[in-house]
Amino acid sequence: MNIKPVLWLGDSRDRLRGFPDDARGVAGFELWDVQQGKEPSDWKPMPSVGLGVNEIRVRAGGAFRVIYVAKFTEAVYVLHAFQKKARKTPKPDVDIARQRFRDLMRERKQR
């Protein structure tokens, strides 16, 4: 079994660490599944951020989200993590993830 490492972009790791214990635990287990090439139990694609970008939905003491991309062979990239307080994903959170995805793609092209 090939397990991909998780690479955290920007402050995504610190933000996930700020989740309540239950939500952080669920997010960790879901990311472990993604590292192993499996799908998380509750997710949706985020094409508005970029092709291949997905969102893990965590419902534990609130609504929390982890936006990541796992389509590359070398790693799972976590673009952003946040608490969702409105029905629609707030534009600033989508913008942060989109910019980090663009930066990642630019960096990968330069390698």
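The values are calculated or read from the model by the stated rules, or taken from the named source; none is laboratory data. Because the structure is predicted, anything quoted here is derived from the model rather than measured. Backbone-built Cβ (ideal geometry, glycine too); neighbour counts: all protein chains shown. The protein model used for the area step is the full one, side chains on, heavy atoms only, and it has no ligands, DNA or RNA in it. Shrake-Rupley method; radii C 1.70, N 1.55, O 1.52, S 1.80 Å.
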Query raised in the report: Using the scaling law 2.2 N^0.38 Å as the reference, what is the normalised Cα Rg of the range 1-43?
Result: 1.19
**Report entry** Amide H within-cut-off set for Lys84, under 5 Å, with H built and near neighbours excluded
**Finding:** Ala63, Phe64, Arg65
Query raised in the report: According to the Cα gyration tensor, what semi-axes, each the square root of 5 times an eigenvalue, does the equivalent ellipsoid of the chain have, listed from largest to smallest in whole Å?
Result: 21, 17, 12
Query - Leu51 versus Trp32: modelled label distance in nm, points set 7 Å from Cα along the beta carbon direction - result: 3.3 nm
Query raised in the report: Contour minus end-to-end for Thr73 and Ser41, with contour as 0.36 nm per residue of separation and end-to-end as the Cα-Cα distance?
Result: 9.4 nm
Query raised in the report: If you put +1 on each Lys and Arg Cβ and -1 on each Asp and Glu Cβ, how big is the dipole of the chain around its Cα centre, in Debye rounded to 20?
Result: 420 debye
Query raised in the report: From the phi of every residue in the range 36-51, what ³J(HN,Hα) in whole Hz does the Karplus formula 6.51 cos²θ - 1.76 cosθ + 1.60 yield, where θ is phi - 60° and glycine or proline is x?
Result: 8, x, 8, 8, x, 6, 9, 8, 8, x, 10, x, 5, 8, x, 5
**Report entry** Relative contact order [Cα under 8 Å, 6+ residues apart], the chain, whole percent
**Finding:** 28 percent
Report task. Using a 1.4 angstrom probe on heavy atoms only, work out the carbon and sulfur share of the accessible area of the chain in %. Result -> 51 percent
**Report entry** Loop GluC sites (Glu not before Pro), the range 18-109 (other Cβ atoms within 10 Å of the site Cβ: 15 or fewer; DSSP)
**Finding:** Glu74
**Report entry** Table column - 3J(HN,Hα) (Hz), the range 74-84, Karplus curve with 6.51, -1.76, 1.60, x for Gly and Pro
**Finding:** 7, 5, 9, 9, 8, 7, 6, 9, 7, 8, 9
Report summary line: Filtered pair list for the chain (Lys only, Cα < 18 Å, 8 or more apart or interchain) has a length of 9
Query raised in the report: Between Gln99 and Leu7, what is the label-to-label distance in nm when each label sits 7 Å out along the Cα-to-Cβ direction?
Result: 2.0 nm
Report summary line: The answer for the chain, accessible area per residue at 1.4 Å probe in Å², is 58 Å²
